[in-house]
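The values are calculated or read from the model by the stated rules, or taken from the named source; none is laboratory data. For clarity, every value in this text was computed on a predicted model and none was experimentally measured. Virtual Cβ from ideal backbone geometry, glycine too; neighbours counted across all protein chains shown.
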Amino acid sequence: MGKVTNFATLHFESAAIRSFPHDNVEDLIRKGADVNRMHGTLKPLHCACMVADADCVELLLEKGAEVNALDGYNRTALHYAAEKDESCVELLLEYGAQPNALDGNKDTPLHWAAFKDNPECVRALLESGACPNARDYNNDTPLSWAAMKGNLESVKVLLDYGAQVHVTNLKGQTPISRLVALLARGLGTEQEEECLELLCRAAGRFEIRRADGTLPRELSKDPQLLAKLTNMVAQAPTLRSLARCATRQSLGVQFLPTAVKELPLPETIKDYLLLRD
């Protein structure tokens with residue numbers, strides 16, 4: 001088992017993990033500690049995932065911790081692990097964690113992995129059946145969560161697994177418009193610019209107008225960005241780019257690099273379909 005975290009991972013109170021340096025989890029379990037007891041709003045397994053302690057997660061699971069148990073916020077341990085650590089995610093999935101579990105806001109673990117930009121956690125969840133187009137209470141998908149932070153690597157993984165770009169939340173926002181809002185606040189970097197280009201390639205066309213035809217209000221704060229994006233909106237999409245988008249959509253939710261590899265197409269076309277142009 002190796003080094004096991006001390007009793008700190010078994011208690012959570014007043015938003016701080018309490019430490020008991022002279023004890024450890026294995027000793028306490030041997031003495032009769034209940035691995036499924038609720039401490040405040042959390043169970044021990046949730047706490048172990050919050051601090052990304054894979055050794056403790058494995059021990060608790062071996063000793064009977066309920067892998068899909070809910071905490072006081074209707075979150076599973078996988079929700080916490082997805083934000084932090086690939087090893088914890090893989091352990092939980094091995095023990096039967098539900099990759100599409102919903103918390104109180106209908107957020108899935110994949111939403112949180114994408115938001116925290118943990119691409120390896122994103123990949124592990126998708127490989128285990130997580131839905132790349134799951135909707136939260138606002139109808140936002142994991143791609144929208146990744147885009148609103150400009151999380152390039154997570155966006156790449158989600159697009160590889162068939163995440164849809166043409167999705168709209170209850171406020172009329174798309175993943176692209178969520179990213180544009182970030183850029184309009186002056187928070188964009190070269191990575192966010194690259195993320196925007198990638199999303200636009202996947203979308204086939206650049207469109208950020210609202211349902212009433214207006215542009216997002218945030219753009220009024222950055223005239224230079226407004227001019228650039230207005231010019232992009234005015235450009236008609238090419239037939240080639242629209243065909244790419246339609247082909248990717250027709251392939252559905254699967255690992256697109258494998259699916260495209262099987263298509264009877266020249267390598268240059270395959271690269272184009274995989275957004276590698």
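Before we move on, is LEU198 within 24 Å of PHE115 (Cβ to Cβ) and touching a residue at least 60 places away in the same chain (Cβ under 8 Å)?
yes
Conditions (1) crowded, with 19+ Cβ neighbours inside 10 Å; (2) assigned by TED's automatic domain parsing to the domain that holds HIS46; (3) modelled with pLDDT under 95, marked per residue:
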| residue | (1), (2), (3) |
| --- | --- |
| GLY64 | no, yes, yes |
| LEU78 | yes, yes, no |
| LYS84 | yes, yes, yes |
| CYS121 | yes, no, no |
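For segment 185-277, which helices (runs of 4 or more DSSP H) that fit wholly inside it have 2 or more residues that are at pLDDT below 80, under 17 Å from ALA163 (Cβ atoms) and in the same structural domain as MET148 (by TED's automatic domain parsing)?
By residue number, no helices (runs of 4 or more DSSP H) qualify.
When you check ALA124 against the structure, is it within 24 Å of GLU66 (Cβ to Cβ) and of a type in the set (Gly, Ala, Ser), yes or no?
Judged against the criteria, ALA124 is a match.
Anything in segment 82-104 that is under 24 Å from ASN133 (Cβ atoms) and either touching a His at 6+ places or on another chain (Cβ under 9 Å) or charged (D, E, K, R) (or both)? List them, or say none.
ALA82, GLU83, LYS84, GLU86, GLU90, ALA101, ASP103 - these are the residues of segment 82-104 that are under 24 Å from ASN133 (Cβ atoms) and either touching a His at 6+ places or on another chain (Cβ under 9 Å) or charged (D, E, K, R) (or both).
Out of (1) free of Cβ contacts under 8 Å to residues at least 12 places away in the same chain; (2) of a type in the set (A, V, I, L, M); (3) touching a Pro at 6+ places or on another chain (Cβ under 9 Å), what's the single condition that is false for ALA234?
Checking ALA234 against (1) free of Cβ contacts under 8 Å to residues at least 12 places away in the same chain; (2) of a type in the set (A, V, I, L, M); (3) touching a Pro at 6+ places or on another chain (Cβ under 9 Å), the one that fails is (3).
For segment 27-68, what are the residues that are assigned to a loop (DSSP other than H, G, I, E, B), closer than 14 Å to LEU91 by Cα and of a type in the set (Asp, Glu)?
ASP53, GLU66 - these are the residues of segment 27-68 that are assigned to a loop (DSSP other than H, G, I, E, B), closer than 14 Å to LEU91 by Cα and of a type in the set (Asp, Glu).
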